[in-house]
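A.B. asks: Supplied in structure tokens, the structure appears directly below.
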Amino acid sequence: MTRLLRLLAAAVLAVVAIAACSSDDDSPSAAAGASAPAAPSASSAPASGTSAAGGGEGSSSAGGGGTITIRDFKFGAPLTVAPGATVEVENEDTAAHDVVADDGSFKTPSLGKDEQGTFTAPTRPGTYKFSCSLHPGSMSGIGTLIVQG
């Protein structure tokens, strides 16, 4: 009987762990990954670097860049930057993560807890989807970088 209870407890813990790492975004485009940037934007408004992950605040720099903050296996809100801007990535999560564009246009190295990295935003205006290659399917949704300028 004790062995049965231990097995049951282990099964419950496994289900909870899997549920905690599952994606909240089941849309077909997110599952397939948008690999091509969207059509260029006609807006000429200055780019703003705003991204919030789990309540975190984004920042912007003079070059029209911003910050992606990874927290609780989430990338946060879409980030809008200028073409060619430097984008900072901060990993505030307990697990290592990276940021990899679905179309291969940008990538960071693996970042451990409290580590930071940067990448250069594409020069072509559009919407770029990204994810963590270390945890495919485990992050909550897909990240979005909007390049406009």
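A.B. asks: Using beta carbons and a limit of 8 Å, which pairs, at least six apart or on different chains, have the first residue in segment 79-93 and of a type in the set (D, E, K, R) and the second one crowded, with 17+ Cβ neighbours inside 10 Å and in a loop (DSSP other than H, G, I, E, B)?
C.D. replies: GLU88/GLY65; GLU92/ALA53; GLU92/GLY56; ASP93/PHE73
A.B. asks: Can you tell me how many residues in segment 79-102 are outside any strand (DSSP E or B) and not aliphatic (A, V, I, L, M)?
C.D. replies: Residues that pass the stated criteria total 7.
A.B. asks: Oh, and also: Could you identify the single residue in GLY137, GLY66, GLY84 that is modelled with pLDDT under 90 and touching a Ser or Thr at 6+ places or on another chain (Cβ under 9 Å)?
C.D. replies: Result: GLY137 is the single residue among GLY137, GLY66, GLY84 that is modelled with pLDDT under 90 and touching a Ser or Thr at 6+ places or on another chain (Cβ under 9 Å).
A.B. asks: Listed residues THR118, THR123, THR127; which is modelled with pLDDT of 95 or more and under 13 Å from ILE68 (Cβ atoms)?
C.D. replies: On inspection, the qualifying residue turns out to be THR118.
A.B. asks: Restricting the search to segment 130-149, which residues are in a strand (DSSP E or B) and more than 17 Å from THR67 (Cα to Cα)?
C.D. replies: SER140
A.B. asks: I would also like to ask the following. Across segment 63-76, which residue is nearest to the chain's Cα centre (by Cα) among those that are without any contact (Cβ under 8 Å) to a residue 40 or more places away in the chain and surrounded by fewer than 22 Cβ atoms within 10 Å (Cβ to Cβ)?
C.D. replies: ARG71
A.B. asks: Looking at SER105, is it buried (at least 19 other Cβ atoms within 10 Å of the Cβ), at pLDDT 95 or above and in a loop (DSSP other than H, G, I, E, B)?
C.D. replies: Yes; evaluated as a whole, the condition is true for this residue.
A.B. asks: Scan segment 119-129 for residues that are in a loop (DSSP other than H, G, I, E, B) and without any contact (Cβ under 8 Å) to a residue 60 or more places away in the chain and jot them down.
C.D. replies: ALA121, THR123
A.B. asks: Something else: If you scan segment 77-98, which residues turn out to be surrounded by fewer than 22 Cβ atoms within 10 Å (Cβ to Cβ) and aliphatic (A, V, I, L, M)?
C.D. replies: Listed by number, the residues that qualify are ALA77, ALA95, ALA96.
The values are calculated or read from the model by the stated rules, or taken from the named source; none is laboratory data. What you see is a predicted model; the values in this text were computed from it and never measured. Quick reminder, even Gly has a Cβ in these numbers, built from the backbone with ideal geometry, and neighbours come from all protein chains shown.
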